[in-house]
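Bear in mind these aren't lab numbers, they're just calculated from the coordinates by the rules spelled out. Keep in mind that this is a model prediction, so the values were computed, not measured. As a convention, Cβ positions derive from the backbone with ideal geometry for all residues, glycine included, and neighbour counts pool all protein chains shown.
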Amino acid sequence: MELFVTLTSPYARLVRAVIIEKDLQDRVKVTPIQTRTPDSPLYTINPSGRVPTLVTDDGTVYEESAVICDYLDHLDGAPIFEIAHDDNRWEALRLEARVRSMLDGIAVWGRELYRPKSERSPSIITHETARAFRMARALNSDAAAGLFDGPLSIAQLLLACALHIREERLPGFAWRRDNADLSAWVNCFATRPSLAETQPPPHPSETVR
């Protein structure tokens, strides 16, 4: 199988982390590909042009990180990320949805900042900046309550992919300053090989010229 990604996408990073957690490196080839250009080669593979995109051995194309993660998790018949139908199910789903909400907002904010300055929307940036800080405070409370402790989950990986980034990638998002419990959790969880091996490359502003 082949997974098409950009190395800076947190959604693609989530899938890459799942591949490592499931020990599927020999079954899934990870291929960086250019996106958001008129002639992106991804369009001939997936007309939406979104990453991550997974092409299975039989040529079936999957997009959307949640779907791809679920597919990969069930390949061996022994899923480790499936949320059990028990008393904790709704809390687990609620927590994962909260983290996805934060990541979705951060992604919108980040894409806006990468646009030329003349094309940026100040109102979108202001809205998503405020949302990100609100979500960080809420997730800090969740971390303090131990809600991200316990068995490995997609919610944990999502949270690390959202926040285990260099601040240069999202200027102004100094979320660690007032969220010590969340910061400590991210620092600890990010030592997992699946996160260490999928760390995004340095932002151009970090490159010494």
Query - Sites Arg120 and Arg177 - FRET efficiency at Förster radius 35 Å, r taken between beta-carbons, to 0.05 - result: 0.90
Query raised in the report: Where is the GNM fluctuation largest for the chain (alpha-carbon springs, 10 angstrom cutoff): Val51, Val15, Val108?
Result: Val108
Report summary line: Expressed as a whole-number percentage, the relative contact order of the chain with C-alpha contacts under 8 angstrom and at least six residues apart is 22
Query raised in the report: So if R0 is 45 Å, what FRET efficiency would Thr56 and Asp87 give, r being the distance between their Cβ atoms, rounded to the nearest 0.05?
Result: 0.80
Query - Cβ-defined net charge surrounding Gln156, 12 Å radius [Lys, Arg +1; Asp, Glu -1] - result: -3
**Report entry** Computed lengthening from Lys29 to Thr191, 0.36 nm per intervening residue step minus Cα-Cα distance
**Finding:** 56.0 nm
Report summary line: Final fewest-first order of Lys29, Lys22, Lys117 on the 10 Å Cβ neighbour count is Lys117, Lys29, Lys22
Query - Span from the region 1-54 Cα centroid across to the region 117-168 one, whole angstrom - result: 22
Query raised in the report: Which entry in (1) 17.8; (2) 13.3; (3) 10.9 is this structure's computed mean projected area of the Cα convex hull in nm²?
Result: (2)
Report summary line: Once normalised by the length of region 88-209, the mean sequence separation of its alpha carbon contacts under 8 Å that are 6 or more apart gives a contact order in percent of 28
Query raised in the report: Going by how many other Cβ atoms sit within 10 Å of their own, how do Asp70, Asp58, Asp142 line up, fewest first?
Result: Asp58, Asp70, Asp142
Query raised in the report: Loop-only check: which trypsin sites (Lys or Arg not before Pro) in region 163-200 are DSSP coil with at most 15 other Cβ within 10 angstrom?
Result: Arg166, Arg177
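Residues with beta-carbon under 13 Å from that of Tyr43, excluding Tyr43: net charge, scoring Lys, Arg +1 and Asp, Glu -1?
Its environment carries a net charge of 0.
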Report task. Provide the percentage of antiparallel DSSP beta bridges, counting only those with both residues in the chain; round to the nearest 5. Result -> 60
